[in-house]
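Some notes on the structure that comes next.
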Amino acid sequence: MEKPIIELRGLTKCYGALKAVDDLNLTIRKGEIFGLLGPNGAGKTTTILMMLGLTEPTAGTAMVCGYNATTNPIAVKKKVGYMPDSVGFYDSMTALENLAYIGRLNGIPESEIKDRAFEMMKIIGLADAVDKKTSAFSRGMKQRLGLADVLIKQPDVIILDEPTLGIDPSGVKEFLALIHQLSRQHGLTVLLSSHHLHQVQQVCDRVGIFVGGKMLVEGSVDKLSRNLFTNENYVVSITLREAPPARWEAEDALRQLGNVQQITVTDRVVEISCLRDITPDLVRFFVHKGLDVMGVHKKEYGLDDIYEKYFENNLAENNTHEKPGRTFQRSFFKK
Amino acid sequence: MKNLAVLSKGLSLKNKDYNIASGNHVSPSGPFRVMIGKEIADHIRSWRFIVLLLLIGLTFFGAMHISLSNIKTAVSNIQDPDRLFLYLKLLTTTDGTLPPFHVLLSFLGPLLGISLGFDTINSEQNAGTLTRLMAQPVYRDNLILSKFVSAMIIVSCLFVSLALLMIGAGLLITGVDIAPQEVLRIFSFIFLSIVYVGFWLSLSILLSIRFKQTATSALTAIGLWLFLTVFYKLLVNLVIKAMIPDPAFLSQEQVFAYNGLMGSILRLEPSQLYTDATTTLLMPSVRSLGPLTVEQMALAIPSPLPFKESLMIIWPQLSGLLAATVFCFALSYYLFMRREIRC
């Protein structure tokens, strides 16, 4: 198997008594888009900073592109483009100058810098704003310029910390599509952290859910939902044109179909949970009974549910153990 | 809004065979020089620097105008052993309307240093550029070093060009040749002034690392400056007066000892060091910075000292200023290297 491009082993970071990152193990292969998901303050940014050698881990190692990020940060930073969550630019300089400065710091020959910066501006769709001062940029434009800034050094890995923060929904879609496309075209490995589940779900090959400094689970979205909801049943909700009568004799007939566990009727919607996927049988049944079916919806579990489920579990755990780091909750309620 | 994905289609990141900068192929100017270049450009383009430049320029030309109009009386004053040093006279002569240039500089120098340095690190941090910069393949100390060096380069250029302007104007107006000793003295004075500004620069860089808000660091630096120039002397006098016994009951040696002690305490303050040193350099007849007894002065002819002797007198002052500068810079270096990059 190919050597992983990012390999974290037992990575731990303590700030005093608080464990920001707790014994984290993670491997990311080349060309993957990995989503690091977690609520605010889960330790995502700390983890990323450790990967870049900007913060020293308390224990463990972070190997990026085959270099140890703690002992050899310069080599890592040559290969990795990082966009911080609150990306900022030198306001007195134009967008192009900002890009060119970063290019020069990365040792791009002077003759190529202008061309390359132009090309980056074109890729991110800001070709008209090349000579504008960055102080006049909107948040979304800055975010895109941040991406150009990351790409100009032609990295092997790009790490984006909350890249979708502060962009409007359509902008987010384009931004993520662009990242996805770049990753596929050039074999870029992408690590993006976010607390926006839906967005991550759109582009990531694999996600890791990260709460309280611990990686709770990782894998593809499908795998996660399968693991998590094995005990759950298939739930099919069928919308009818007219609400079925309150005391409905067809219920018993439905139960005869087998595998049906529970039937709930709310207004015009019949929700049926069953052990196996018997959606076609159900529809056939309704049609046979002469009921007008307006819509059939099979419930699928998305990242939201997964995330919520894990987050719930973790919260429950915290409450029973009363971690010393979370005392603010208690003291708050005492007042 | 344009569709980014569509726009980027067909464009490729690596379609042109750019030389990808690798470890052994770095552009001729390393990142450190690039950073210095950017910092200098930033300074020169900023309004702050233009205002400072105008201020220093005005002071300089004001002082020069006054000294030039009084140069005749100063040079023909037989009582003055320094009267033959025309160019030093240009720097020190005054008719009382404006203090001479070197005294003005002891006030303006700190202002120059503080305003060039008070927002070095915290403004980068507040703008969010610090993390972005640190994610590039540059060493962390390159940043702070480039900030310091670029400001020093600017200050040095400013002072050296002012000195050369002064010498040139003097040559044109008076037609008197400049003596080698005067050149040495003037350039030592310039060097001293640069070190003095460097001290305030490194102090303000230190404060900019320590405080997150630029306003706080600027105010603290100005507060320190005011305290040292105005209140420190006052405070020392007050305390010493309260401590020492009545001079009437003291022998002469004891009075000298107390005076010496007071002088040493006053010299903890950098502007005192600077004033002492520049006075000695620009007025060759100054023989000592402390009090002299009548016995020591007996039979001495009031004549200018050679350059080397003046330099020996101010050696402690010079090394003190350098030490203070280096100390502040080392401390800020230490703080910056150890700190968390984001908070």
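The values are calculated or read from the model by the stated rules, or taken from the named source; none is laboratory data. Quick caveat: nothing in here was measured; it's all calculated off a predicted structure. Every residue, glycine among them, receives a Cβ derived from its backbone with ideal geometry; neighbour counts consider all protein chains shown. Heads up: the accessible areas ignore ligands, DNA and RNA and are worked out on the full protein's heavy atoms, side chains in. Shrake-Rupley method; radii C 1.70, N 1.55, O 1.52, S 1.80 Å.
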Too long at a 25 Å Cα-Cα cut-off: which of A:K142/B:K212; A:K122/B:K212; A:K79/A:K132? A:K122/B:K212; A:K79/A:K132
Quick one: dipole size for the protein assembly as shown, taken about the Cα centre, charges +1 on Lys/Arg Cβ and -1 on Asp/Glu Cβ, in debye to the nearest 20. 380
How much accessible area per residue does segment A:6-227 have, counting only protein heavy atoms and a probe of 1.4 Å, in square angstrom? 34
Segment B:159-292: C-alpha gyration tensor shape, a/c 1.5 cut-off, then a/b vs b/c: oblate
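Give the accessible surface of segment A:233-298 per residue, rounded to a whole number of Å², with probe radius 1.4 Å and ligands, DNA and RNA excluded. Spell out each step's value before the answer.
Working: 4150 Å² over 66 residues.
That works out to 63 Å² for each residue.
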So how much accessible surface do B and A hide from each other in total, probe 1.4 Å, in square angstrom to the nearest 100? 4700
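Give the percent of DSSP beta bridges with both residues in the protein assembly as shown that are antiparallel, rounded to the nearest 5. Please report the intermediate quantities before stating the final value.
Details: 38 of 56 bridges.
DSSP beta bridges in the protein assembly as shown are roughly 70 percent antiparallel.
What 222 nm value per residue comes from the helices of chain B, counting each DSSP H run with n ≥ 4 as -39,500 (n - 2.57) and dividing by all residues, nearest 500 deg cm²/dmol?
Working: 15 runs with 242 residues, N = 343.
Using -39500 (n - 2.57) per qualifying helix, the result is -23500 deg cm²/dmol.
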Links that overshoot a 29 Å alpha carbon limit, given the list A:K173/A:K223; A:K30/A:K214; A:K173/B:K38; A:K13/A:K114: A:K173/B:K38; A:K13/A:K114
What do you get for the angle between helix B:270-282 and the principal long axis of chain B? Use alpha-carbon atoms, 0 to 90 degrees, nearest ten. 60
Whole-percent pair-distance distribution, where bins are 10 Å wide, for the alpha carbons of segment B:292-334: 23, 29, 24, 15, 9, 1
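Just to verify a number: FRET efficiency for B:A248 and B:S319, C-beta to C-beta distance, R0 = 41 Å, to 0.05? Please list the in-between numbers first.
On the way: r = 37 Å, r/R0 = 0.91.
It comes out at approximately 0.65.
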To test your reading of the geometry: what angle, between 0 and 90 degrees and rounded to tens, separates the Cα axis of helix B:140-174 from the longest principal axis of chain B? 50
Positive dipole terminus of segment A:6-227, leading residue within A:V157, A:L11, A:Y101 (C-beta point charges): A:L11
Relative to the longest principal axis of the C-alpha atoms of chain B, give the angle of the C-alpha long axis of helix B:307-338, reported between 0 and 90° and rounded to the nearest 10°. 30
Take the Cα atoms of segment A:233-298, find their three principal axes, and give me the spread along each one in whole Å, biggest first. 27, 21, 21
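Compute, for segment A:6-227, the length of the dipole vector about the Cα centre, with Cβ point charges of +1 (Lys, Arg) and -1 (Asp, Glu) only. Units Debye, rounded to 20.
Numbers: 25 positive and 23 negative charges, 60 e Å.
Dipole size: approximately 280 debye.
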With a ≥ b ≥ c the root eigenvalues of the C-alpha gyration tensor of segment A:6-227, is it rounded (a/c under 1.5), prolate (a/b larger than b/c) or oblate? prolate
Determine which aspartates and glutamates satisfy two conditions relative to B:K233: a Cα distance under 20 Å, and not lying fewer than 8 residues away in the same chain. B:E269, B:D276
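Can you give me the convex hull volume of the Cα atoms of segment B:26-162, divided per residue and expressed in Å³? Please list the in-between numbers first.
Details: hull volume 18.0 nm³, N = 137.
So the per-residue hull volume is 132 Å³.
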So what is the diffusion coefficient of segment A:56-163 in µm² per second by Stokes-Einstein at 10 °C and 1.306 mPa s, using a Kirkwood Rh over Cα pairs? 109
Out of B:W315, B:L219, B:I40 - ranked by how far each Cα lies towards the positive end of the dipole of the protein assembly as shown, with unit charges on the beta-carbon of charged residues - the top one is B:I40
Distance in nm between label sites at B:H65 and B:A300, each 7 Å beyond Cα in the beta-carbon direction? 3.8
Relative counts (whole %) of C-alpha pair distances in the protein assembly as shown, using bins that are 20 Å wide: 14, 34, 26, 16, 6, 3, 0
Based on Cα coordinates alone, diagonalise the gyration tensor for chain B, multiply each eigenvalue by 5, take square roots, and list the semi-axes in whole Å, largest first. 47, 27, 17
Reachable aspartates and glutamates from A:K44, Cα under 12 Å, same-chain residues fewer than 8 places away excluded? A:D22, A:D85, A:D161, A:E162
Can you give me the long-range amide H partners of A:L216? Hydrogens built in the peptide plane at 1.01 Å from N, cutoff under 5 Å, separation of 5 or more residues or another chain. A:I209, A:F210, A:V211
Give me the Debye-computed log₁₀ of I(q)/I(0) at q = 0.09, 0.12, 0.13, 0.17 Å⁻¹ for segment B:217-329, equal point scatterers on Cα only, no solvent, two decimals. -0.32, -0.57, -0.66, -1.02
